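J.: This structure is in structure tokens; I'll ask about it shortly.
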Amino acid sequence: MVFGFNTDIRVGETVFHVQTEDRGKKNPMLDTTVYLKGRVVARRNTDYRDFLASPDFSDSELHAMLEQQHKEMIEAARRGQLEGLEQFQTQSSQEGISVQLLNPATFLKGTTAHVQIAVTKTLGGEPVSEASVRLWLHLGGDEPLEFVGTSDATGKAEVQFPMPRLGPGGAELRIEASSAEHRDEIKYNLRPKPKPEQ
């Protein structure tokens, strides 16, 4: 299984969609695009041509680069640090909490999911302890699978569950954190690993 790296994030009352893709070895580019209601509002491209030609290249390192770029763009959008994004944001500087999936590319180990989550304050980034963490895995059926956890003193939580086999349509993983009067959620679209080309 691989991740489409498609994530919905809420900044105040505004929901952005962040998408990161590897264009492939014929066009070695990591491309992250931020959308608002289908409109492109920010983009970041990383050319990895030199890395591809180096003896240090590996698919796992490339996947880590892709994951890191996706996470950085999500956090930059949440903090209002993307050029040109300010006009679309509302209440972005208000006090609240932020939930982050720490290991989107690596949480599946065999048939068990080990989902690592961080909950921090929107302003300052301090960890939030004792936050309630809930996960929903939508597989296209009527009722999603639900799992719960609680953040520790470092603001981290890990939730483990058996990962069902994904159908052709993949699945959606939704993660919500709530603490006192604040809440935040993030969504990831999961898709089955494509079959290798013949």
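J.: How far apart, in nm, are the 7 Å Cα→Cβ label points at residue 183 and residue 79?
T.: For the pair residue 183/residue 79, the computed spacing is 2.7 nm.
J.: For the chain, how many pairs of lysine residues have a Cα-Cα distance under 24 Å, where the two are 8 or more positions apart or belong to different chains?
T.: Going through the chain pair by pair, I get 19.
J.: What is the extension gain from residue 40 to residue 138, computed as 0.36 nm multiplied by their sequence separation minus the C-alpha to C-alpha distance, in nm to one decimal? Provide the component values of the computation, followed by the final result.
T.: Values: separation 98, 0.36 × 98 = 35.28 nm, distance 2.66 nm.
In short, 32.6 nm is gained.
J.: Per 0.36 nm of contour for each residue apart, how much would the distance between residue 15 and residue 64 grow if the chain were fully extended, relative to their Cα-Cα spacing?
T.: Extra length available between residue 15 and residue 64 comes to 15.1 nm.
J.: First check a/c for region 2-88, with a ≥ b ≥ c the square roots of the eigenvalues of its C-alpha gyration tensor; if it is under 1.5, answer rounded, and if not, answer prolate when a/b is larger than b/c or oblate otherwise.
T.: prolate
J.: Moving to a separate point now. Assign unit charges at the C-beta atoms only (+1 for Lys and Arg, -1 for Asp and Glu), then state the dipole size of region 1-80 relative to its Cα centre in Debye, rounded to the nearest 20. Please report the intermediate quantities before stating the final value.
T.: Values: 12 positive and 13 negative charges, 89 e Å.
In debye, rounded to 20, region 1-80 gives about 420.
J.: Taking only DSSP H segments of four or more residues, each worth -39500 (n - 2.57), what value at 222 nm results for the chain once the sum is divided by all its residues, to the nearest 500 deg cm²/dmol?
T.: When only DSSP H runs of four or more count, the value is -4000 deg cm²/dmol.
J.: Going by the alpha-carbon gyration tensor, a ≥ b ≥ c the square roots of its eigenvalues, is region 97-191 rounded (a/c under 1.5) or, if a/c is not under 1.5, prolate (a/b greater than b/c) versus oblate?
T.: Prolate is the answer for region 97-191, as a/c is 1.5 or above and a/b outweighs b/c.
J.: Pick from 141, 96, 169: which residue has the top mean-square fluctuation in a GNM of the chain where Cα pairs under 10 Å get a spring?
T.: Most flexible of the set in this elastic network: 141.
J.: With a/c under 1.5 counting as rounded, go ahead and sort the chain into rounded, prolate or oblate using the C-alpha gyration tensor (a ≥ b ≥ c being the square roots of the eigenvalues; past the cut-off, prolate if a/b is larger than b/c, else oblate).
T.: Oblate shape, in that a/c is at least 1.5 and b/c is the bigger or equal ratio.
J.: Relative to the present Cα-Cα distance, how much length would full extension add between residue 174 and residue 103 at 0.36 nm per residue of separation? Walk me through the numbers on the way to the answer.
T.: Values: separation 71, 0.36 × 71 = 25.56 nm, distance 1.42 nm.
Computed gain between residue 174 and residue 103 is 24.1 nm.
J.: Shifting gears a bit: Between residue 57 and residue 145, what is the label-to-label distance in nm when each label sits 7 Å out along the Cα-to-Cβ direction?
T.: About 3.6 nm, to one decimal.
Readers should treat all values here as calculations from the given coordinates under stated rules, not as data from a laboratory. Model, not experiment: these values are computed from the prediction. Every residue, glycine as well, gets a Cβ built from its backbone with ideal geometry; the counts of neighbours run over all protein chains shown.
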